[in-house]
Amino acid sequence: LNDKDSNILYVGVRNIDTSIRREADLLQKERSYRNAITSSCLLYGNVNLSNDTLEDCFSTVNSIMPKEVDIPLEKPCSYSKFLEWCADTRLLSSKNNFINICNSSYLISAFNSGMPYIEFHCHAKFKENDDRLLRVVFFVNRNTSSGHIMALFVAYDITEMSRKNKEVEDLQEALKESRFKNSMSQMQPHFLYNALGSIREIILDDPQYASDLVYDFTT
């Protein structure tokens with residue numbers, strides 16, 4: 001700035017150390033939260049719902065470090081095309097439900113209505129004779145810098161858990177039946193004694209009626 005014949009430079013100094021620390025803490029918490037979500041999953045990926053693009057997709061199968069999934073589509077690919085590819089080549093059930101729930105429009109609408117995550121179950125295959133029951137969860141959020149609505153989708157393999165739950169249900173049903181049979185076995189002797197006792201009393205008064213009762217009892 002020129003003030004008469006002098007060149008004056010105005011310098012403003014602002015302490016941004018607190019802001020940087022706060023951003024670093026938030027980033028660390030976000031990473032920890034993400035690691036907790038993806039630690040036991042089969043695969044996960046990032047989707048820009050606003051642009052309908054799949055930014056990346058990683059698999060954790062038989063690997064300590066996640067590996068990017070090889071998808072025969074351009075990168076970054078259309079998220080809608082990715083859903084169609086999954087339905088055609090990977091899904092064994094709930095294909096229409098998969099497309100209807102996972103598409104960008106539905107997820108954005110659900111997020112705007114106050115749903116922070118959406119989930120559903122389906123059967124899928126990843127290689128020949130390898131069918132799995134999946135729990136797919138979408139964690140939806142808005143990017144504060146761009147304003148875009150983003151989603152982290154996570155697929156969990158719940159095949160073994162489902163099998164164990166079925167075993168527990170079968171055991172509970174068997175226990176219920178066993179208790180019923182035990183109750184019946186306790187009731188039958190009492191029924192036998194009561195019936196014979198009643199017939200014994202009637203024999204003295206009405207032998208023919210007692211004979212009919214014996215017939216009914218044996219029947």
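The values are calculated or read from the model by the stated rules, or taken from the named source; none is laboratory data. For clarity, every value in this text was computed on a predicted model and none was experimentally measured. As a convention, Cβ positions derive from the backbone with ideal geometry for all residues, glycine included, and neighbour counts pool all protein chains shown. Ligands, DNA and RNA are stripped out before the accessible areas are found, and what is left, the full protein with its side chains, is counted by its heavy atoms. Shrake-Rupley method; radii C 1.70, N 1.55, O 1.52, S 1.80 Å.
Some values worked out for this structure:
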| item | result |
| --- | --- |
| Unmet requirement for residue 18, which otherwise passes all of (1) modelled with pLDDT of 80 or more; (2) part of a loop (DSSP other than H, G, I, E, B); (3) surrounded by fewer than 10 Cβ atoms within 10 Å (Cβ to Cβ); (4) of a type in the set (Ser, Thr, Tyr) | (2) |
| Residues of region 145-199 satisfying the condition of being small (Gly, Ala, Ser), open to solvent by less than 80 Å² (accessible area, probe 1.4 Å) and not in a helix (DSSP H, G or I) | 146, 147, 151, 155 |
| Candidates 192, 134, filtered to the one that is among the aliphatic types (A, V, I, L, M) and under 25 Å from residue 102 (Cβ atoms) | 134 |
| Residue list for region 91-102, restricted to those being crowded, with 16+ Cβ neighbours inside 10 Å and within 18 Å of residue 157 (Cβ to Cβ) | 91, 94, 98, 102 |
| Among the residues listed as 72, 66, 76, the single one being open to solvent by 50 Å² or more (accessible area, probe 1.4 Å), under 21 Å from the mean Cα position of the chain (by Cα) and not β-branched (Val, Ile, Thr) | 66 |
| Tally, over region 45-66, of residues that are within 17 Å of residue 157 (Cα to Cα) and in a strand (DSSP E or B) | 4 |
| Residues located in region 103-120, provided they are open to solvent by 50 Å² or more (accessible area, probe 1.4 Å), not aromatic (Phe, Trp, Tyr) and not in a strand (DSSP E or B) | 105, 109, 112, 113, 114, 115, 116 |
| Unmet requirement for residue 88, which otherwise passes all of (1) part of a helix (DSSP H, G or I); (2) closer than 25 Å to residue 149 by Cβ; (3) open to solvent by 80 Å² or more (accessible area, probe 1.4 Å) | (2) |
| Residue count, region 121-130 (criterion: out of contact with any helix residue (DSSP H, G or I) (no Cβ under 7 Å at 6 or more places or on another chain), surrounded by 14 or more Cβ atoms within 10 Å (Cβ to Cβ) and not aromatic (Phe, Trp, Tyr)) | 3 |
| Test for residue 37: is it in contact with a Phe, Trp or Tyr (Cβ under 8 Å, 6 or more places away or on another chain), open to solvent by less than 40 Å² (accessible area, probe 1.4 Å) and at pLDDT below 85 | yes |
| Cross-chain or 6+ apart pairs with Cβ under 9 Å, region 198-219 first and of a type in the set (Asp, Glu), then part of a helix (DSSP H, G or I) and at pLDDT 85 or above | 201/210 |
| Cross-chain or 6+ apart pairs with Cβ under 7 Å, region 94-105 first and closer than 18 Å to residue 51 by Cα, then modelled with pLDDT of 90 or more and open to solvent by 30 Å² or more (accessible area, probe 1.4 Å) | 100/106; 103/80; 104/52 |
| Single unsatisfied condition, residue 202 versus (1) open to solvent by less than 70 Å² (accessible area, probe 1.4 Å); (2) of a type in the set (A, V, I, L, M, F, W, C); (3) part of a strand (DSSP E or B) | (3) |
